[in-house]
Amino acid sequence: MSEAAATLSEARRPAPPPAANDALMVLRGVTKTYGGRGGEVVALSSIDLDVRRGEFLTIIGPSGCGKSTLLQIAAGLVPATSGSITLEGRPVTAPPRGIVYLFQQYNKSLFPWRSVRSNVAFALAGKGLDRHQRAKRAQSFLALVGLEAFGNHYPWQLSGGMQQRVAIARALAAEPAALLMDEPFSAVDALTRVEMQALLLDIWRQRAGLTIILVTHDVEEAVYLSDRIAVMGRRPATVERVLETGLPRPRDPVATREDPVFLRHRGELLDDLLGRGLVRR
Ligand SMILES: Nc1ncnc2c1ncn2[C@@H]1O[C@H](COP(=O)(O)OP(=O)(O)OP(=O)(O)O)[C@@H](O)[C@H]1O
Ligand SMILES: [Mg+2]
C-alpha cells in the first residue's frame, strides 16, 4: 500500500473507542498476519476489545476465525502484527504475571510423571512456601474442584474430565487475575460438559475479582456462562458485536437454559454464526 493510501485508510478509520473505566485489559486495532511458505494468512484484521475486571467474557466465532490467535495474543504468548494490548495499563509484550492460559487440549499439559497433588503444587513454586505448605495448599485447590481424594493418583489414572479439573486447580493455585481458557470443554461428553460449566461458575463466584475469558464455538455454552459475549466474524476476523447476556446469577443448568432471554440470545447468536444475523435483524 502506498503511503498516501495508508494515510487515507487511517483517516477513514473511526477513532478507537475510549477504554472502559473498569477495564483490566484493553486491545486496540490488533491485527495478526501469519507468514508462511503457502503465503500470508490474515487471521485478525482489527480487533478493539475491552475486558472488564472480574467479568466472565466469552469469545465466540466460526471455526478458523482467529479465536485462539486472539486469546494467545491477549496472553502475551503470540505477538500481534500491529495494534496494542495493555493489562492494567501496561503493554503486554510477553506472558504477564497474573494471567494463566489454558490450552485447547489442556489435559495434555499435565506432567504424567508427577502425582495430581504435585502437578497442582508446581504452580506454587516461588511463592516462598516449604514443601509441606505447598502440599497443603495444593490439597485445598484439589478440594475446590472435588478431587481431594485423588492427590496421590497420576493424571493418566483419571478420566478426561477429572484431568481437566486438575488443570483448572493448578491454574487457580497460581492465583491469577485472569484465566484465559481455549475451548476447555470441547473434548468431554455432553453431561460432563454441563457439570464442568457449573463447577467453573461456582469457582468463579467464590473467587471474587477473577476475570475469565473463554473461547468457544458453542452458542449455549457462551450464553450460559457469560456476562458478555464477543462475536467474531469470518476471517479476516474482527469483533462484530459484543452483547450483554443480562441473565441473572446464580445460573442453573436447567432453568437458565429455559429462560426466554437465554433462548433469544441463543437464536440470535446462531443466526450470527450462520452468517445471516444481520439479514434477519
Ligand atoms: N501458527 C500459525 N501459523 C500460521 N497460520 C496460523 C497459525 N495459527 C493459526 N493460523 C491460521 O490463522 C487462522 C486462525 O486460526 P485460529 O487457530 O486462531 O482459529 P480458531 O478460531 O481458534 O479456530 P478453531 O475454531 O478451529 O479452533 C487460521 O486460518 C489458521 O490456519
Ligand atoms: Mg482455536
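Which residues, taken from region 69-107, are surrounded by 18 or more Cβ atoms within 10 Å (Cβ to Cβ) and within 12 Å of ligand 2 (Cβ to nearest atom)?
Within region 69-107, THR69, LEU70, LEU71, GLN72, PHE103 meet the criteria.
Which of the residues belonging to region 139-163 are of a type outside the set (D, E, K, R), in a helix (DSSP H, G or I) and more than 19 Å from LEU210 (Cα to Cα)?
Within region 139-163, GLN139, ALA149, PHE150, PRO155, TRP156, GLN157, GLY160, GLY161, MET162, GLN163 qualify.
What residue, among those in region 28-68 that are among the hydroxyl-bearing types (Ser, Thr, Tyr) and within 16 Å of ligand 2 (Cβ to nearest atom), is surrounded by the fewest Cβ atoms within 10 Å (Cβ to Cβ)?
Here the answer is SER63.
Any residue at all in region 106-113 that is within 25 Å of ARG205 (Cα to Cα), touching a residue at least 60 places away in the same chain (Cβ under 8 Å) and in contact with a Gly (Cβ under 8 Å, 6 or more places away or on another chain)?
Yes.
Among the numbered criteria (1) modelled with pLDDT under 95; (2) surrounded by 18 or more Cβ atoms within 10 Å (Cβ to Cβ); (3) within 16 Å of ligand 1 (Cβ to nearest atom), which one does MET162 miss?
Result: MET162 fails condition (3) only.
Which of the strands (runs of 3 or more DSSP E) found entirely inside region 20-121 contain at least 3 residues meeting this: at pLDDT 95 or above and out of contact with any His (no Cβ under 6 Å at 6 or more places or on another chain)?
Strands (runs of 3 or more DSSP E) meeting the threshold: 23-34, 41-52, 56-60, 82-87.
Would you confirm whether any residue within region 141-151 is at pLDDT 90 or above, farther than 13 Å from SER109 by Cβ, surrounded by fewer than 16 Cβ atoms within 10 Å (Cβ to Cβ) and touching a helix residue (DSSP H, G or I) at 6+ places or on another chain (Cβ under 8 Å)?
yes
The values are calculated or read from the model by the stated rules, or taken from the named source; none is laboratory data. Worth saying up front: this structure is predicted, and the values here are computed from it rather than measured. In this analysis, Cβ positions are derived from the backbone assuming ideal geometry, glycine residues included, and neighbour counts consider all displayed protein chains.
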